[in-house]
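To keep things clear, I will list the structure first and then write my remarks on it.
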There are 2 protein chains.
Amino acid sequence: MTIALDAMGCDNGVSAVVRGAADAQKVFPFFRPVFFGHEDELKPELEKYGFSEFVHASTVITPDEPPTLAFRRKKDSSIVMGLKYVKEGNASGFVSAGSTGALLTGATVIIGRKPGIERPALGTIIPAKKGFVLLMDCGANMDCKPSYLAQFAQMGAEYMQKCMNIDSPRIGLINVGTEEEKGNAAAKEAHLLLKESGLNFRGNTEGREILSGEIDVAVCDGFTGNILLKHTEGFAKIMMGLIKEELMSSTISKIGAMLAKSSFGRIKKRFDYREIGGAPFLGLNQIVIKAHGSSDALAIKNAIRQCIEFSKDSSYN
Amino acid sequence: MTIALDAMGCDNGVSAVVRGAADAQKVFPFFRPVFFGHEDELKPELEKYGFSEFVHASTVITPDEPPTLAFRRKKDSSIVMGLKYVKEGNASGFVSAGSTGALLTGATVIIGRKPGIERPALGTIIPAKKGFVLLMDCGANMDCKPSYLAQFAQMGAEYMQKCMNIDSPRIGLINVGTEEEKGNAAAKEAHLLLKESGLNFRGNTEGREILSGEIDVAVCDGFTGNILLKHTEGFAKIMMGLIKEELMSSTISKIGAMLAKSSFGRIKKRFDYREIGGAPFLGLNQIVIKAHGSSDALAIKNAIRQCIEFSKDSSYN
């Protein structure tokens, strides 16, 4: 199985991507990576792991460039070239840690939307009290029509069914109250659409219930979703930091922390985004996985794993 | 100092409110509570603590009633009667754990907005990495015009200056990226208004930076704010639960947890909403504090403390 990898645009450089691919190949020997990036940077890294297949891309789209403009101007960038390679049927999917905006614009234009989908969206798997929740949209669409939200639910249900083996994924509409008439204008109308959708719609989900394990797909606009997701990341870090600080504040608690070290390790692992992989762009004709910008080799490996698992599903490719 | 207290609408009943008032009076002997609620429920509780002043309110507005309708119909409810009492100058402020919607509608109509404020908003103080952040709006306004957001910033800055003694409160606009052109339509325009506002505007604040301690007021629409706030509450609970579960999983870690018990106690206290008090409704001519629906006596006591501290400020009353 061939997967196109964007070797550029990762904060940890080309080496993290190449090493992640090598680690993925140990688990999935049938996986064949094709790297997209500048040959001067790529070649020495590829040699280290015995890889040889790459496509030279002379430029990179950076996250601070306006995505639409960058996409139009930088035809020779790793994102544009990689997406075209996938579109032409040379690979099963594309994994990139580069600019989210450019990746979304590029994927929508080059790879195209699935029939009936107005806007592709970015889904992120997050650990819940029990199991996982797919939060979407996580930042692809800022101002959302109610129909977009209903389609996010549909795309999310399909993903959770096919990639996480959940029979009838439970859908929650993120909202400020459980009552049908609660919320902003888009959420109120989306509630009505979801009720009629034939999906396993569980109604509105309040903020405190998102991770309760009662739903499999949490639907919201990309503005709310992006803020929620990043806040969760930031808050987890702050809490773990405070706990560490408190535990180091006395000798007794230091000993306590030492004895409980493996427990903390497991918690940390559970909330480690690197273990989960990337975020799938859903609603496209082919598979595009957005890896975290600050991915290391472990995160890249898991984003590739996700792409492989998603590729196995027959409704794609 | 007289403060009107809604004795109804608290999940923990009249007794939590009366006991909270008694505890507050121990700290603030000048505090004189006037309770609003049904006399049959109130009288026996008041007798326990030697309180006597109350106003009989024969009905209660429940959180599942449409606020505007309930406010119009239930003139004899504890919320409506309490707000009128404050409006008539009989008390310095009103504290209620009842329906947020009814409280907001009632306060806006009865007490009235400050000049130049289009929409009052609900602010909530949350603990950050260092210090505290005032998050607003936390649920009063769902679809917000850019001008509302700019006014939230102004109201929030005033509150943090006067009640938290912060000289020049740092304002962050919650958004999906730090760049000026990021966000939904309202956030983009609000950014421009805030740049011109004369406030200490620090630009856009991404989700992961909300609690970093770099800002004092985090501005967003009430839809996003409510979801963020409740999610934070839910996530903290889930994390503490997971940590507890992990620590109880082996004898060694159990001993570790026992030794580190006081550290965990301090963390728990730091994230305990009951220690913080209620959420002020800002932008009104008088002081209205919304206490958490599931407040116990400690939470009520701290909501009263907040009302007292806010009342001391000369720009109100």
Problem set entry | Any chance A:Ile238 is at negative phi, facing chain B (nearest Cβ under 7 Å) and either in contact with a strand residue (DSSP E or B) (Cβ under 7 Å, 6 or more places away or on another chain) or of a type in the set (A, V, I, L, M) (or both) | yes
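Okay, residues lined up against (1) among the aromatic types (Phe, Trp, Tyr); (2) closer than 19 Å to B:Ala236 by Cβ:
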| residue | (1), (2) |
| --- | --- |
| A:Met240 | no, yes |
| A:Glu246 | no, yes |
| A:Gly256 | no, no |
| A:Leu259 | no, no |
| A:Phe271 | yes, yes |
| A:Leu284 | no, no |
For this session: Read through the list (1) open to solvent by less than 30 Å² (accessible area, probe 1.4 Å); (2) aromatic (Phe, Trp, Tyr); (3) modelled with pLDDT under 85, then give the number of the only condition that A:Tyr273 fails.
Result: (1)
Exercise. Is it the case that the range A:151-167 has a residue that's in contact (Cβ under 8 Å) with a residue 40 or more places away in the chain and within 14 Å of chain B (Cβ to nearest Cβ)?
Worked result: no
For this session: Inspect the range A:247-260 for any residue being touching a His at 6+ places or on another chain (Cβ under 7 Å) and open to solvent by less than 10 Å² (accessible area, probe 1.4 Å) and give the result as yes or no.
Result: no
Seminar exercise, completed: Among the residues of the range B:111-157, the number that are part of a loop (DSSP other than H, G, I, E, B), farther than 27 Å from A:Ala187 by Cα and not hydrophobic (A, V, I, L, M, F, W, C) is 7
Seminar exercise, completed: A:Ala297 fails exactly one of (1) more than 15 Å from the chain's Cα centre (by Cα); (2) open to solvent by 10 Å² or more (accessible area, probe 1.4 Å); (3) within 14 Å of chain B (Cβ to nearest Cβ), namely (3)
Seminar exercise, completed: Only unsatisfied item for B:Leu103, checking (1) in a helix (DSSP H, G or I); (2) aliphatic (A, V, I, L, M); (3) more than 16 Å from B:Asp221 (Cα to Cα); (4) in contact with a Leu (Cβ under 6 Å, 6 or more places away or on another chain), is (4)
Exercise. What residue, among those in the range B:1-10 that are in a loop (DSSP other than H, G, I, E, B) and under 21 Å from B:Lys26 (Cα atoms), is least open to solvent (accessible area, probe 1.4 Å)?
Worked result: B:Ala7
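Sort out for me the helices (runs of 4 or more DSSP H) sitting completely within the range A:39-87 that have 2 or more residues that are touching an Asp or Glu at 6+ places or on another chain (Cβ under 6 Å).
Here the list reads A:78-87.
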For this session: Could you grab me the full set of residues in the range A:130-146 that are touching a Lys or Arg at 6+ places or on another chain (Cβ under 9 Å) and surrounded by fewer than 20 Cβ atoms within 10 Å (Cβ to Cβ)?
Result: A:Lys145, A:Pro146
Exercise. Out of all the residues in the range A:11-30, is one or more part of a strand (DSSP E or B) and touching a Gly at 6+ places or on another chain (Cβ under 8 Å)?
Worked result: no
Exercise. Scanning the range A:276-292 for residues that are farther than 16 Å from A:Ala121 by Cβ and open to solvent by 20 Å² or more (accessible area, probe 1.4 Å), which turns out modelled with the highest pLDDT?
Worked result: A:His292
Exercise. With respect to A:Glu196, is the statement that it is within 11 Å of another protein chain (Cβ to nearest Cβ), of a type in the set (Asp, Glu), over 29 Å from A:Thr105 (Cβ atoms) and over 14 Å from the mean Cα position of the chain (by Cα) true?
Worked result: no
For this session: Quick one: in the range A:224-237, of everything that is more than 15 Å from A:Ile267 (Cα to Cα) and out of contact with any Leu (no Cβ under 7 Å at 6 or more places or on another chain), which residue is least open to solvent (accessible area, probe 1.4 Å)?
Result: A:Thr224
Exercise. Within the range B:158-193, how many residues turn out to be open to solvent by 60 Å² or more (accessible area, probe 1.4 Å), more than 24 Å from A:Ala186 (Cβ to Cβ) and in a helix (DSSP H, G or I)?
Worked result: 2
For this session: Give me a count of the residues in the range A:256-288 that are within 14 Å of another protein chain (Cβ to nearest Cβ) and more than 11 Å from the chain's Cα centre (by Cα).
Result: 17
Exercise. Are any of the residues in the range A:202-223 more than 7 Å from chain B (Cβ to nearest Cβ), open to solvent by 20 Å² or more (accessible area, probe 1.4 Å) and farther than 25 Å from B:Gly241 by Cα?
Worked result: yes
For this session: Kindly provide the set of residues from the range A:69-97 that are β-branched (Val, Ile, Thr) and farther than 13 Å from A:Ile110 by Cβ, ordered by number.
Result: A:Val95
Exercise. Is it true that some residue in the range B:67-78 is of a type in the set (Phe, Trp, Tyr), in contact with a strand residue (DSSP E or B) (Cβ under 9 Å, 6 or more places away or on another chain) and more than 18 Å from B:Ile300 (Cβ to Cβ)?
Worked result: yes
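When the residues of the range A:74-96 are filtered to those that are within 22 Å of A:Lys312 (Cα to Cα) and among the small types (Gly, Ala, Ser), which remaining residue is most open to solvent (accessible area, probe 1.4 Å)?
Only one residue tops the list, namely A:Gly89.
The values are calculated or read from the model by the stated rules, or taken from the named source; none is laboratory data. Nothing here was measured: the structure is a model prediction, and the numbers come from that model. Using ideal geometry, Cβ is built from the backbone for each residue, glycine included, and neighbour counts are taken over all protein chains shown. Ligands, DNA and RNA are stripped out before the accessible areas are found, and what is left, the full protein with its side chains, is counted by its heavy atoms. Shrake-Rupley method; radii C 1.70, N 1.55, O 1.52, S 1.80 Å.
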